[in-house]
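The values are calculated or read from the model by the stated rules, or taken from the named source; none is laboratory data. From a predicted model like this one, the values you see are computed outputs, not experimental measurements. No Cβ is skipped: glycine too gets one built from the backbone with ideal geometry, and neighbour counts run over all protein chains shown. Just so you know, the surface numbers come from the protein's heavy atoms only, side chains and all, with ligands and any DNA or RNA stripped out. Shrake-Rupley method; radii C 1.70, N 1.55, O 1.52, S 1.80 Å.
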Number of protein chains: 2
Amino acid sequence: MARTGRPREFDRDKAIDAATALFWAHGYEPTSLTQLKASMGHISPASFYAAFGSKEALFREVVQHYLATYGQVMAPLWDESLPPREAIERTLRGSARMQAARTHPTGCLVVSGASNCSPENEPVQALLAAERQRTRAGIKACVERAIARNELKASPSTDILPNILATFFHGMTCEARDGMTVDTLDAAITSLLTLWDINTVKPLKNRQKNTENTGVRL
Amino acid sequence: MARTGRPREFDRDKAIDAATALFWAHGYEPTSLTQLKASMGHISPASFYAAFGSKEALFREVVQHYLATYGQVMAPLWDESLPPREAIERTLRGSARMQAARTHPTGCLVVSGASNCSPENEPVQALLAAERQRTRAGIKACVERAIARNELKASPSTDILPNILATFFHGMTCEARDGMTVDTLDAAITSLLTLWDINTVKPLKNRQKNTENTGVRL
DNA sequence: TAATTTCTGGATCGATTAATATGGAAGTCT
DNA sequence: AGACTTCCATATTAATCGATCCAGAAATTA
């Protein structure tokens, strides 16, 4: 769009990165414009508003950027070329590794990015809530696909499986932020997936071997 | 202590109740002094500070009050007169029912009460983090007690069981706040506890009957 | 009644919030 | 070169933040 005129002096992409780190670590409301501008190289208010519009608009950009990068650990959920169980397992293990990493704030931005909000910022909360709902739908679709492929038997305990997985998944944010390591989370995932395996149509004695050679992305 | 002088005109206990509802719904930082004072009957700043000292001191009182009332759903964890599995089950079901109830804000105050915090309020975050750690210790103690009583076999998958339960437990806050009903959470708990049962020393064929006649408190 | 204590309302503190306005320098395009 | 666009830095907006202070009213006890 902007092709003429004086070019911006700060790197917009790096600014988004810096804003992501701040919002991720402290949440939407506690992150002040002063902090944001400082993290972008002490840019002026005018530069900030010209580049991003508002704090909320910046946050929405940050969320999109997060989903397009870190959030890609959940991509297997919608990859229908993967066996459903592997899609779930890759998502869980990838998320565990991402959320517990020390190279950025721990936990998931979508879960904890706006969990404490004033009523006037309810739209921000709704944005993340919608994204979490998308995750639940993805998990549910995997389980239903497994049933359709005759890999899981249809039963009440299979019906509730997506809810268990979603609850555990969202709980990882709290655990990671409280210091749980990736190894511990990974071991928990291995054990949790037993709940999947005991609902398979033909239980294999050595099914647990599957959990070792499934790669983890990112 | 205060026996003479003009008595306070507002009900301090009701004020704590009102503050609990606000902090629970919006979190520590987004809840302003103005809101707090208004919820206590539009009391004056002087009355507020005379009665509570500061916003942070009030929050600490609120947390104690929360733990002594709503938080008592976790009491079974430290009740050694209960069989360990029943202690865990009562805690999970009681928490699910409490967190999903519509008579107060959903979710758990200890999990979401200060999840978005500025660095200067780190002590508030630490207060809740310590309480969460106490919960994890309680869950772990139950599992270890079950092993000591020869009700669970010692194994790697038993070792990780407390972490799975804690992650699920803390995830319930996110699910409840996003609208998951108590019935759904309850069904998920029933299925999750299968992970306990498959690690029992002598697996009973009709173990699942146990999940029906265990009472739920509060 | 007198003395004491603690309440109340209102004004106010400095700091910080997100957002806007202004004026001029800097760089791009024709 | 000249026109144009967009940048930057500095001030400043009104509102709100948590917290403090003071004067006077009110209720207790002696």
Residues to consider are A:L77, A:L92, A:L67, A:L22; find the one that is within 26 Å of B:E120 (Cβ to Cβ) and among the aliphatic types (A, V, I, L, M).
A:L22
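Residue by residue, here is whether (1) touching an Asp or Glu at 6+ places or on another chain (Cβ under 9 Å); (2) at pLDDT below 95 holds:
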residue	(1), (2)
B:P119	no, yes
B:L165	no, no
B:A176	no, no
B:D183	no, no
B:I189	yes, no
B:T194	no, no
B:R207	yes, yes
State yes or no: is B:V73 within 30 Å of B:P7 (Cβ to Cβ) and either more than 15 Å from DNA strand C (Cβ to nearest atom) or not aromatic (F, W, Y) (or both)?
no
Tell me the residue from A:Q99, A:Q125 that is on the phi < 0 side of the Ramachandran plot, part of a helix (DSSP H, G or I), in contact (Cβ under 8 Å) with a residue 40 or more places away in the chain and not aliphatic (A, V, I, L, M), please.
A:Q99
Scan of segment B:159-184 for residues that are among the polar types (S, T, N, Q) and touching a Cys at 6+ places or on another chain (Cβ under 9 Å), ordered by number:
B:T167, B:T173
When you look at A:G27, is it at positive phi and within 14 Å of chain B (Cβ to nearest Cβ), yes or no?
yes
Tell me, yes or no, whether segment A:105-119 has at least one residue that is under 30 Å from A:D11 (Cβ atoms) and away from chain B (no Cβ under 14 Å).
no
Somewhere in segment A:57-78, is a residue outside any helix (DSSP H, G or I) and either crowded, with 22+ Cβ neighbours inside 10 Å or away from chain B (no Cβ under 12 Å) (or both)?
yes
The condition of being within 30 Å of B:L165 (Cα to Cα) and not assigned by TED's automatic domain parsing to the domain that holds B:C142 holds, among B:E89, B:E29, B:E56, B:E80, only for B:E29
Selected residue (criterion: farthest from DNA strand C (Cβ to nearest atom)) from residues of segment A:26-53 that are open to solvent by 40 Å² or more (accessible area, probe 1.4 Å) and assigned to a loop (DSSP other than H, G, I, E, B)
A:G41
Return the only residue of A:G53, A:G94, A:G41 being more than 16 Å from DNA strand D (Cβ to nearest atom) and either under 27 Å from B:N116 (Cα atoms) or of a type in the set (S, T, Y) (or both).
A:G94
In the set B:A46, B:A38, B:A101, B:A51, the lone residue that is modelled with pLDDT of 95 or more and either over 20 Å from the mean Cα position of the chain (by Cα) or not polar (S, T, N, Q) (or both) is B:A101
Pairs, first among the acidic types (D, E) in segment B:25-45, second more than 10 Å from DNA strand C (Cβ to nearest atom), C-beta under 8 Å, six or more apart:
B:E29/A:N116; B:E29/B:A114; B:E29/B:N116; B:E29/B:C117; B:E29/B:N121
When segment B:114-146 is examined, which residues are found to be within 20 Å of B:L193 (Cβ to Cβ) and either crowded, with 19+ Cβ neighbours inside 10 Å or outside the structural domain of B:T194 (by TED's automatic domain parsing) (or both)?
B:T135, B:R136, B:G138, B:I139, B:C142, B:V143, B:A146
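Can you pull out every residue in segment B:67-111 that is among the hydroxyl-bearing types (S, T, Y) and touching a Lys or Arg at 6+ places or on another chain (Cβ under 7 Å)?
B:T106
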For A:M40, state whether it is over 28 Å from A:G138 (Cα atoms) and touching a helix residue (DSSP H, G or I) at 6+ places or on another chain (Cβ under 6 Å).
yes
